[in-house]
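The values are calculated or read from the model by the stated rules, or taken from the named source; none is laboratory data. Note that the structure is predicted; figures quoted are calculated from it, not measured. Cβ: placed from backbone, ideal geometry, glycine included. Neighbour counts: every protein chain shown. In case anyone asks, the SASA skips ligands and DNA or RNA and just uses the protein heavy atoms, side chains included. Shrake-Rupley method; radii C 1.70, N 1.55, O 1.52, S 1.80 Å.
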Amino acid sequence: MPSAGLYFHIPFCKRKCPYCDFYSVTGLDHMAAFVAALQHETMLRAIPAMTVDTVYFGGGTPSLLPPDAIADLLATVKTHFNLQANTEVTLEANPGAVSGDQLARLREVGVNRLNIGVQSFRSEALRFLGRIHNPVDAVAVIDQARSAGFDNLGLDLIYGLPGQTVADWEADLEQALAYRPEHLSCYILTFESGTPMTRDLQAGRLKPPDEGHVAQLFETTAALLVGCGYDHYEISNFARRPEFRSRHNLKYWHFIPYLGFGPSAHSYRDKTRSWNLADLAIYKQCLSQDRRPEGGREVLSKEQQILEALLLGLRLKEGFSILAFEQRFHLSVQATFGRLLNQLAEEGCLADRPGRCALTVKGMRYHNSISARFAAEL
């Protein structure tokens with residue numbers, strides 16, 4: 001069985017970004033108690049026989065945690081899981097929320113992959129996104145990360161902002177490429193329910209770019225980065241070489257078990273998805289009473305598993321194996337989806353990969369609607 005992954009949700013932020021719907025809090029005064037609770041949850045859910053080869057600290061802003069707290073959490077993992085020597089340990093860091101000394105210490109305690117939330121190198125874009133940093137801060141933290149010894153560095157960027165031109169976005173990509181990151185994640189700005197940015201949209205205070213323009217930005221991204229030698233291995237993700245793909249995120253897309261710790265974190269194991277309560281105070285209270293802070297769970301039906309296999313598999317450049325899909329679900333891909341596959345091929349959305357079902361770059365852009373079309377055929 002493939003090795004599992006562990007995810008730790010660190011819910012602290014200096015300021016909440018107006019587009020973000022991930023669970024987070026802006027008060028930093030509960031950090032020590034939270035780390036203790038997180039260690040307690042890890043102990044409560046210990047599986048000493050479970051082999052683990054990826055650990056991911058996400059958030060929130062994990063770089064707000066003291067590096068020694070990360071060291072303590074990794075030590076707890078090592079005690080309660082079968083942590084492999086070659087484990088990928090990723091930490092998300094934001095410019096303006098980490099120093100060079102902290103980065104050096106993080107590298108010392110075992111973090112070997114850093115993901116920096118740059119989002120943009122343009123001041124006006126950063127202001128619109130509500131980020132706490134400026135372009136100078138972004139460049140500084142990249143330089144500091146390299147000086148600290150990080151040779152597996154990822155940069156996150158966001159595009160599809162109101163008023164953003166193709167030239168604006170190309171300039172962001174070219175500046176990112178100047179630093180030769182091992183990984184780039186390029187996300188389309190989405191308007192999530194309940195966020196301040198979505199309320200502005202609903203009130204008419206901002207107008208999003210039209211779908212055709214966003215499609216052009218997506219295709220520009222793929223063409224420019226692939227042209228510079230990056231592997232477009234997943235809709236939003238590019239790696240300089242295959243070994244720099246996010247091993248942790250690949251677990252999500254390949255249905256490999258993962259456990260999530262911290263408020264709002266999700267887990268998947270034995271066809272069961274579960275999630276923690278999205279409330280820091282209740283999270284800590286549960287653990288003070290030796291109770292797992294679980295908010296709910298569901299056992300996925302066969303139909304749900306099929307839909308998720310399609311949804312997740314089609315995110316990847318290589319798509320999914322038709323033979324493996326048919327053996328797993330006892331379902332003929334041609335008999336069930338043949339008509340749709342022919343339509344997608346005619347539309348230029350289906351890649352020619354023998355034995356596999358995969359989307360072209362054009363198909364990837366319309367992944368959500370194509371997934372809905374597959375669901376309608378079941």
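Mind listing the lone cysteines of the chain, meaning no other Cys beta-carbon sits under 4.7 Å from theirs?
13, 186, 228, 286, 349, 357
In square nanometres, what is one fourth of the surface area of the convex hull spanned by the alpha carbons of segment 148-263? Working shown, then result.
On the way: hull surface 38.8 nm².
So the mean shadow area of the Cα hull is 9.7 nm².
When every alpha-carbon pair in segment 187-233 is counted, what percent end up more than 18 Å apart? Mind dumping the intermediate values first?
Numbers: 504 of 1081 pairs.
Of all Cα-Cα pairs in segment 187-233, 47 percent lie more than 18 Å apart.
Which FRET efficiency value, to the nearest 0.05, do you get for residue 86 and residue 331 by plugging their Cβ-Cβ distance into 1/(1 + (r/R0)^6) with R0 = 35 Å? Mind showing how you got there, number by number?
Working: r = 36 Å, r/R0 = 1.02.
Computed FRET efficiency for residue 86 and residue 331: 0.45.
Restricting to bridges with both residues inside the chain, how much of the DSSP beta-bridge set is antiparallel, in percent to the nearest 5? Can you show the working numbers first?
Details: 19 of 51 bridges.
Rounded to the nearest five, the antiparallel share is 35 percent.
Given labels modelled 7 Å from the Cα in the Cβ direction, how far is it in nm from residue 193 to residue 288?
3.2 nm
Expressed in whole Å with the largest first, what are the equivalent ellipsoid semi-axes of segment 228-378 derived from the C-alpha gyration tensor as the square root of 5 times each eigenvalue? Let's see the in-between values first.
Working: eigenvalues 220, 77, 33 Å².
Semi-axes from the Cα gyration tensor: 33, 20, 13 Å.
Roll a 1.4 Å probe over the protein heavy atoms and report the accessible area of residue 362 in Å², nearest 10.
90 Å²
Going down the list 251/302; 14/317; 207/251; 271/362; 14/78, which pairs span over 24 Å between their C-alpha atoms? Each step should come with its number before you reach the end.
On the way: 251/302 20 Å; 14/317 36 Å; 207/251 36 Å; 271/362 31 Å; 14/78 30 Å.
Over 24 Å apart, Cα to Cα: 14/317; 207/251; 271/362; 14/78.
So what are the radius of gyration and Dmax for the Cα set of segment 64-212, in Å?
Every Cα atom of segment 64-212 included, Rg and Dmax give 17.6, 53 Å.
Calculate, in nm to one decimal, what residue 47 and residue 340 gain on full extension: separation in residues at 0.36 nm each, minus their alpha carbon distance.
Numbers: separation 293, 0.36 × 293 = 105.48 nm, distance 4.28 nm.
Contour length minus the Cα-Cα distance gives 101.2 nm.
Among all the aspartates and glutamates, which ones have a C-alpha under 13 Å from residue 284's C-alpha, if same-chain residues fewer than 8 places away are not counted?
Once the sequence-local aspartates and glutamates are set aside, what remains near residue 284 is 41, 294.
Gap in Å between the Cα centre of segment 285-303 and the Cα centre of segment 16-59?
Centre-to-centre distance over Cα atoms comes out at 15 Å.
Can you give the Rg to Rh ratio of segment 38-124, both from alpha-carbon atoms, with Rh computed by the Kirkwood formula?
Details: Rg = 14.2 Å, Rh = 13.8 Å.
That ratio equals 1.02.
Per residue of the chain, what 222 nm ellipticity follows from adding -39500 (n - 2.57) for every DSSP H run with n ≥ 4, rounded to the nearest 500? Show your work: numbers first, answer last.
Working: 15 runs with 160 residues, N = 378.
Estimated from H runs of four or more residues: -12500 deg cm²/dmol.
Please work out the average accessible area per residue across segment 224-371, using the 1.4 Å probe convention, and give it in Å². All intermediate terms of the calculation are to be shown ahead of the outcome.
Details: 6810 Å² over 148 residues.
Heavy-atom accessible area per residue stands at 46 Å².
How do 38-45, 222-229, 7-14 rank on mean C-beta neighbours within 10 Å, highest first?
Values: 38-45: 19.4, 222-229: 14.1, 7-14: 22.5.
In decreasing order of mean packing, 38-45, 222-229, 7-14 become 7-14, 38-45, 222-229.
How many percent of the accessible area of the chain is carbon or sulfur, using a 1.4 Å probe? Kindly include the intermediate steps, with their values, before the conclusion.
Values: 8390 of 16240 Å².
It is 52 percent, rounded to a whole number.
Going through segment 306-378, which GluC sites (Glu not before Pro) have at most 14 other Cβ atoms within 10 Å and a DSSP loop state?
Numbers: sites: 308, 318, 326, 346, 347, 377; in loops: 318, 347.
Of the GluC sites (Glu not before Pro), the ones in loops of segment 306-378 whose Cβ has at most 14 other Cβ atoms within 10 Å are 318, 347.
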